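Worksheet for the structure shown next.
The values are calculated or read from the model by the stated rules, or taken from the named source; none is laboratory data. Small disclaimer: the values here were computed from a predicted structure and weren't measured. Because the Cβ atoms are built from the backbone with ideal geometry, glycine has one as well, and the counts that use them run over all protein chains shown.
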Amino acid sequence: MNRSLLRWAVVPVLAVAIVLLDQRTKGLIEANIPLWGGIAPFPALEPYFHLVHYQNTGIAFGLLQGLGGIHIVVPLVVIIGILYFAITLPDASLPLLLCLGLMLGGAIGNLVDRLQHAGKVTDFLLFSLPVGDRVFAWPAFNVADTCIVVGTILLGVLLILQEGKQDQTSAPAS
């Protein structure tokens, strides 16, 4: 089998694994925690971490709530863009392909949720920080969200590192 085709297979294989993990974890939450409910699975972490069953009609961190169809169209465009980029990119490095696989799997995982739940995504990981009598909570998220964010951050780091390498090779010798 062609080596470049085998390397490209990393993207869909990782994406499928992420979609399966994302959908399995969301299914477990939906089956075991009532909507808008939550549990503290680790008593020692109770003030900081809860498993919850929230539904989100927005995008990352609950932004742009209730915009309906745009939350279906944008992920489709992103999925097509990632696939096109992964297929047409010559000599893509394994770390770059892993980033694309993470982002693709996350985008598909949340799109599956939106199609199954009338435009809503199930979120279930909730981290908070109690400070005095106030609690600062990070918006709830899921496996797909995590993969999108991690893949995007790692892609940014790779691009910055690559730019640094190009700057070093193109700098005039002293």
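Working only within the stretch 22-71, note down all residues that are out of contact with any Lys or Arg (no Cβ under 7 Å at 6 or more places or on another chain) and assigned to a strand (DSSP E or B). Gly38, Ile39, Phe49, His50, Leu51, Val52, His53, Tyr54, listed by residue number. Scan the stretch 99-108 for residues that are in contact with a Gly (Cβ under 9 Å, 6 or more places away or on another chain), free of Cβ contacts under 8 Å to residues at least 60 places away in the same chain and aliphatic (A, V, I, L, M) and jot them down. Selection gives Met103 alone.
If only residues of the stretch 9-25 that are surrounded by 12 or more Cβ atoms within 10 Å (Cβ to Cβ) and without any contact (Cβ under 8 Å) to a residue 12 or more places away in the chain are counted, the one that is nearest to the chain's Cα centre (by Cα) is Leu20. Of the residues making up the stretch 117-140, not a single one is free of Cβ contacts under 8 Å to residues at least 40 places away in the same chain and part of a helix (DSSP H, G or I). Of all residues in the stretch 158-172, those that are modelled with pLDDT of 70 or more have Cβ atoms under 7 Å from Cβ atoms of residues that are surrounded by 10 or more Cβ atoms within 10 Å (Cβ to Cβ), 6 or more apart or on another chain, in Leu158/Pro95; Leu158/Leu96; Leu158/Cys99. Of all the listed residues (Leu28, Leu6, Leu67, Leu111), the sole one being buried (at least 19 other Cβ atoms within 10 Å of the Cβ), over 20 Å from Ile153 (Cα atoms) and free of Cβ contacts under 8 Å to residues at least 60 places away in the same chain is Leu111. In this structure, does Leu51 turn out to be more than 15 Å from the chain's Cα centre (by Cα) and more than 16 Å from Arg114 (Cβ to Cβ)? Yes; evaluated as a whole, the condition is true for this residue.
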